[in-house]
1. State log₁₀ I(q)/I(0) for segment 126-194 at q = 0.16, 0.19 Å⁻¹ as given by the Debye formula over alpha-carbon point scatterers of equal weight, solvent excluded.
2. Quantify, in whole percent, the carbon and sulfur part of the accessible surface of the chain (1.4 Å probe; protein heavy atoms only).
3. Once you've got the GNM for the chain with C-alpha springs shorter than 10 Å, pick whichever of Asp126, Asp40, Asp64 has the biggest mean-square fluctuation.
4. Express in Å², to the nearest 10, the accessible area of Glu144 obtained by rolling a 1.4 Å probe over the protein heavy atoms while all chains stay in place.
5. Take the Cα coordinates of segment 38-167, assign each an equal point scatterer, and use the Debye formula without solvent to give log10 I(q)/I(0) at q = 0.09, 0.17 Å⁻¹.
6. May I ask you to compute the full-extension gain from Met153 to Gln25, defined as 0.36 nm times their residue separation minus their alpha-carbon distance, rounded to one decimal in nm?
7. As a check on your grasp of the helix formula, calculate [θ] at 222 nm for the chain: sum -39500 (n - 2.57) over DSSP H runs of n ≥ 4, divide by the residue count, round to the nearest 500.
8. Quick one: compute the contact order of segment 82-155, relative version, from alpha carbon pairs under 8 angstrom and 6+ residues apart, as a percent.
Amino acid sequence: MGRIYLVAGVPGVGKTTVINGVMEQVKREGLKVKHVVFGDFMLKLALERKLVKHRDEIRKLPLDLQRELQVKAAEEIAKIAKEYDVLLDTHCLIKTREGFWPGLPERVLRLLKLDKIFLIEADPKDIAARRLGDKARERDLEAEEEIKEHQLMNRLSALVYAVFTGASVNVIRNEQGKVNEAVKAMLELIRKGG
Ligand code: AP5
């Protein structure tokens, strides 16, 4: 079984950007690591069933449907984790119409044995600006206070996941214009193993 490194953070904080930097380095080193985007698996399943047209609609689906897609996605990802170490690009909490909802409820945690949890964080003001600058996405408009609250809730949920799995929690700051520092910090923790 490969290791699963959970990488989470509020939408637009730069998870994918940081993971891409980490992947460049681990590929150079010839390590067998895959970047797996949880949302891509959910989107593929939702598109097949004609439930959504794009990824930003997933979190607006009724919760029972999201739950079904979530478990199916986790089952597919668990197969990949049998062969590879996985950097799992996902969310500790999804902000749904019904409130904060766990990205890794018990059923998913049983399928995906977490090794480390990386929480990518940044200044809420920078996150709001990054979201506005990302024209390819239909991001929900959130005030800085709401982004701050979401980051705090993510920390709390990450600790709950750690209690269930024994994984460690590491906060990685992705400061404005300093992606390389975040990449370096994450690589160091991955190399430490354990
Ligand atoms: P997902 O695919 O994860 O989309 P997202 O949440 O909208 O987040 P992104 O991945 O697009 O943003 P990011 O944080 O990676 O930022 P990026 O690197 O692009 O999820 C899609 C959907 O799937 C979810 O909404 C949910 O419905 C569902 N889902 C996923 N996991 C689930 C689960 N476990 N259970 C249930 N549902 C689930 O960067 C953004 C911008 O910032 C870019 O323009 C970038 O250039 C810029 N930037 C990044 N870092 C910096 C920096 N340091 N300085 C300046 N600019 C920066």
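The values are calculated or read from the model by the stated rules, or taken from the named source; none is laboratory data. Nothing here was measured: the structure is a model prediction, and the numbers come from that model. As a convention, Cβ positions derive from the backbone with ideal geometry for all residues, glycine included, and neighbour counts pool all protein chains shown. For accessibility, only protein heavy atoms count, side chains too; no ligands or nucleic acids. Shrake-Rupley method; radii C 1.70, N 1.55, O 1.52, S 1.80 Å.
1. Taking Cα atoms of segment 126-194 as identical point scatterers yields -0.78, -1.00.
2. Summing carbon and sulfur atoms, their accessible area is 53 percent of the total for the chain.
3. Judging by the Gaussian network model, the answer is Asp64.
4. 90
5. Log10 I(q)/I(0), no solvent term: -0.27, -1.02.
6. Contour length minus the Cα-Cα distance gives 43.0 nm.
7. -16500 deg cm²/dmol
8. 26
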